[in-house]
Amino acid sequence: MKPKRTLVGLPVYQPGKPLEEVKRELGLSEVIKLASNENPFGCSPKVWESLKEEESFTAMYPEGLAPELREELAGHLGVAPSKLIFGNGSDEVVQMIARTFMEPGDEAVMADITFPRYKTQTVIEGGTPVEVPLKNGVHDLKGMARAITERTRIVWICNPNNPTGTIIRREELESFLAEVPEDVLVVMDEAYHEYVDDPSYPDTVSLLDRDPRLIVLRTFSKIYGLAAFRIGYGVAAEAVVTELNKVREPFNANRLAQRAALAALGDQDFVRRCFEANRDGMKQIQSQLDEWGLPHFPSQGNFLLLDTGRPAEEVFQCLLRKGVIVRSGAALGYPTHLRVTIGNEKQNERFLDELAQCLGKRR
Ligand code: PMP
């Protein structure tokens, strides 16, 4: 066996601890998982109603180009249907972009620390990741512009950034784009887009018309609550989408996922309620952390990166023993931080109660 050279030293992805496994290990029935930025309210009830209609299609291949979903989503976003590409999660669109545009020896600029798949996919394609440290948890766009060389093919921007939750603003993005050479693609990963309430957050889809270098990534895994179905998408110039379609697996976005996404998209009331609950839950957690004097990044996502002031792994293990699964910052490059997903009100209370005990704080 001889795997390709670029895989040497590449670690296998380690997902967060699965809920059922932790329940079994601890013998606890009341375990909560606030580790993977999933929607604590599940998905719209309309999703499962609509899936019943799919039963007779089980034996048939799906339509890889997702025509119905494409039309509906294009209308929702106000773009031409030809500007959309779907993936088995936006993870797969990240993979398609790297496969399509990176040759061995090419460079991709990204933040350090950000969503790790940009780096992994760059390495797999034989490219070189050029990582530019965050400044106070925020993308340093000036530094990223300076890091571009004649070998740079792609700049990856995660907005809001995972794991810090910070955003870059419209004017910052526009001045950055003015500095990026014409042949460099700029990928805006907006997995948490629907949670943002800062009015200075850029409307990248509207920028696409005048900037064919942009690719915007979004997903049905977060606010739409469909992480299990695996469906995400990219919005880009038609010429970019045409190239991406050459590497796309023919039946990548499965039929149930397409149907589920269509139903979820049609229930914007559910989306609004999740947005509001997340905003309230964020305040609920932040105000307690502020009272304790625990620093945290200003998050616009459905998660929060907070500094416990202790080794993250210890606090993570303490919470785990109490049946609360979060993400240890140690694995993310923040040795004293935890990344916690905003849950429902009860889950947030439980997290704060257990965190108080682990840190010896009063509530
Ligand atoms: N981008 C970011 C920033 C993410 O946090 C995630 C999920 N953790 C993804 C992309 C991938 O999402 P999915 O593949 O579920 O669409």
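General observations
- None of 79, 123, 130, 94 is crowded, with 20+ Cβ neighbours inside 10 Å and either away from the ligand (no atom under 16 Å from the Cβ) or within 30 Å of residue 14 (Cβ to Cβ) (or both) except 94.
- Considering 168, 113, the condition of being surrounded by 16 or more Cβ atoms within 10 Å (Cβ to Cβ), away from the ligand (no atom under 13 Å from the Cβ) and not hydroxyl-bearing (Ser, Thr, Tyr) is satisfied by 168 alone.
- Residue in the stretch 141-161 that is within 12 Å of the ligand (Cβ to nearest atom), among the β-branched types (Val, Ile, Thr), at pLDDT 95 or above and in a loop (DSSP other than H, G, I, E, B) present: no
- Residue among 234, 225 that is surrounded by 22 or more Cβ atoms within 10 Å (Cβ to Cβ), assigned to a loop (DSSP other than H, G, I, E, B) and of a type outside the set (S, T, N, Q): 225
- Inside the stretch 162-199, residues that are assigned to a loop (DSSP other than H, G, I, E, B) and either at pLDDT below 95 or farther than 25 Å from residue 39 by Cβ (or both) make up a count of 6.
- Where strands (runs of 3 or more DSSP E) fall entirely within the stretch 23-133, those with at least 1 residues that are closer than 25 Å to residue 251 by Cβ are at 84-87.
- Filter pass, residue 226 being among the hydrophobic types (A, V, I, L, M, F, W, C), within 16 Å of the ligand (Cβ to nearest atom) and within 23 Å of residue 276 (Cβ to Cβ): yes
- Of the residues screened, residue 211 is not one that is among the acidic types (Asp, Glu), under 16 Å from residue 84 (Cα atoms) and within 12 Å of the ligand (Cβ to nearest atom).
The values are calculated or read from the model by the stated rules, or taken from the named source; none is laboratory data. In this text, all values refer to a predicted model and were calculated from it rather than measured experimentally. Don't worry about glycine lacking a Cβ; one is built from the backbone with ideal geometry, like all the others, and counts go over all protein chains shown.
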